[in-house]
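Peer 1: Submitted below is the structure of interest, expressed as structure tokens.
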Amino acid sequence: MDLMAMMGKMKETQQKIKDTKKRLDTVFIDEESADGLLKVSISANNAIKNVTIDDALLEDKEQLEDYIVTVINKAIEKAMKENQTQLDEVTKLDLPMIPGMDDMFK
């Protein structure tokens, strides 16, 4: 592959990555506590869309705080995996690997 074609492919890939990151703002991950008392919806770009708290959790501040931390962390983990999976699909190229450029598309 000549240098101009490779540069064109890289530019095309950068645009696909940009488009994918924008689209990931509309991909939502839903997570909830085991008992369903707290629910969180988060985008694949880690923006929290919605939090629903059952009234039963409002009586115990410490329990509520624990639930929030646990459920949001689970949602973030799933969102990061989804984000990485989708970006990995975009960056699978037929380009030769050039040392130091593997992080260019992340």
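Peer 1: Of Lys9/Lys78; Lys39/Lys78; Lys21/Lys92; Lys16/Lys49; Lys16/Lys74, which ones are farther than 23 Å apart at the Cα?
Peer 2: Exceeds cut-off: Lys9/Lys78; Lys16/Lys49; Lys16/Lys74.
Peer 1: If I fit a long axis through the Cα atoms of helix 3-23 and take the longest principal axis of the Cα atoms of the chain, what angle between them do I get, 0 to 90°, rounded to 10?
Peer 2: 20
Peer 1: Treat every Asp and Glu Cβ in the chain as -1 and every Lys and Arg Cβ as +1, leave all other atoms uncharged, and give the resulting dipole magnitude about the Cα centre to the nearest 20 debye.
Peer 2: 840
Peer 1: Let me ask something else about it. For the pair Glu89/Asp60, report the inter-label distance in nm, with labels modelled 7 Å from Cα in the Cβ direction.
Peer 2: 4.0
Peer 1: Taking all protein chains as present, what is the carbon and sulfur share of the accessible area of the chain, in % to the nearest whole number, probe 1.4 Å?
Peer 2: So the carbon and sulfur contribution to the accessible surface is 53 percent.
Peer 1: Could you tell me which of Val51, Leu87, Ser33 has its Cα farthest along the dipole of the chain towards the positive end, charges placed at Cβ (Lys, Arg +1; Asp, Glu -1), taken about the Cα centre?
Peer 2: The one lying farthest along the dipole's positive direction is Leu87.
Peer 1: Here's something else I'd like to know. Can you check what the net charge comes to around Asn46, using other residues whose Cβ is under 11 Å from the Cβ of Asn46 (Lys, Arg +1; Asp, Glu -1)?
Peer 2: -1
Peer 1: Further question: So if I average 1/r over every pair of distinct C-alpha atoms in the chain and take the inverse, what Kirkwood radius in Å does that give?
Peer 2: 16.0
Peer 1: Further question: State in Å² the accessible area per residue of the chain; use a 1.4 Å probe, count heavy atoms of protein chains only, and round to the nearest integer.
Peer 2: For the chain, the solvent-accessible area averages 70 Å² per residue.
The values are calculated or read from the model by the stated rules, or taken from the named source; none is laboratory data. Not measured: the values here are computed from a predicted model. Positions of Cβ are backbone-derived with ideal geometry, glycine not excepted, and every protein chain shown enters the neighbour counts. Heads up: the accessible areas ignore ligands, DNA and RNA and are worked out on the full protein's heavy atoms, side chains in. Shrake-Rupley method; radii C 1.70, N 1.55, O 1.52, S 1.80 Å.
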